[in-house]
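One structure is given here, and the rest of the page talks about it.
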Amino acid sequence: MHVQEWLESVPPISIYLLVGLVIGLESLGIPLPGEIILVSSALLASQHGEIDPFVLGACATAGAIIGDSIGYAIGRKGGRPLLAWLGGKFPKHFSEGHIATAERSFEKWGMWAVFFGRFVALLRIFAGPLAGVLRMPYWKFLTANVLGGILWAGGTTAVIYYVGVVAEAWLKRFSWLGLVVAVLFGVGSMLILKRKAKKTQAQASATDPEPVSAAE
């Protein structure tokens, strides 16, 4: 069953909890389709009045912030052996190459790697645990975590929801076309943000800067 069809079959409270849980687990360091669930739920909210977009956005934001914070605590306690363990469990996501790329981003950008990492799938999974492993001061991590969580989770919900509402009203005689337009526009907006974040990450990886300690 397609994600959208499955979401339509469950009550609103279950959708709120599902979104918060999946995004929280993804932010904690477990590879899950958090963004797909969030986009599908926000689009569903634009088509069904039973789902409150503000509650949905709040649950997504809470899941992102809490999940990242738990990931930070686990990473700080587990250290580098934790990364090695994750590499054994999820080799596709926590390979040595991916870890090295994420570390270079943290060395270059510090807390901003946590903030912009929200818009990059790889860094979104890495940010919390890696910040803990590198012992980034918690106040820096929390600041970037909260701001990034609000902008990514809340912003994604708002963009997808309002685009879906506008598209549906404008193309109400062709609701299926409105749905397609809403998806393309919403995904396109997120891709633009992702491209900017990836460009920043690529620039950091291409240069060979003097290492900056995350604890500074």
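The values are calculated or read from the model by the stated rules, or taken from the named source; none is laboratory data. Note that the structure is predicted; figures quoted are calculated from it, not measured. Glycine also receives a Cβ, built like all others from the backbone with ideal geometry; neighbour counts cover every protein chain displayed.
Here are some residues: 65, 70, 36. Which one is touching a residue at least 24 places away in the same chain (Cβ under 8 Å), surrounded by fewer than 20 Cβ atoms within 10 Å (Cβ to Cβ), under 18 Å from the mean Cα position of the chain (by Cα) and within 18 Å of residue 128 (Cβ to Cβ)? On inspection, the qualifying residue turns out to be 70.
Please tell me if residue 140 is surrounded by fewer than 19 Cβ atoms within 10 Å (Cβ to Cβ), farther than 21 Å from residue 32 by Cβ and at pLDDT 80 or above. In short, yes.
Rundown of residues vs (1) farther than 18 Å from residue 115 by Cβ; (2) of a type in the set (A, V, I, L, M, F, W, C); (3) modelled with pLDDT under 90; (4) touching a strand residue (DSSP E or B) at 6+ places or on another chain (Cβ under 6 Å), yes/no style:
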position: 153; (1), (2), (3), (4): no, yes, no, no
position: 164; (1), (2), (3), (4): yes, no, yes, no
position: 168; (1), (2), (3), (4): yes, no, yes, no
position: 179; (1), (2), (3), (4): yes, yes, yes, no
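Restricting 119, 106 to residues that are touching a residue at least 40 places away in the same chain (Cβ under 8 Å), buried (at least 21 other Cβ atoms within 10 Å of the Cβ) and not in a helix (DSSP H, G or I) narrows the list to 119.
Residue check: is residue 28 at pLDDT 70 or above and more than 18 Å from residue 144 (Cβ to Cβ)? Answer is no for this residue. When residue 130 is tested against (1) crowded, with 17+ Cβ neighbours inside 10 Å; (2) within 13 Å of the chain's Cα centre (by Cα), exactly one condition is not met: (2).
Restricting the stretch 39-62 to residues that are at pLDDT below 90 and aliphatic (A, V, I, L, M), the residue that is surrounded by the fewest Cβ atoms within 10 Å (Cβ to Cβ) is 51.
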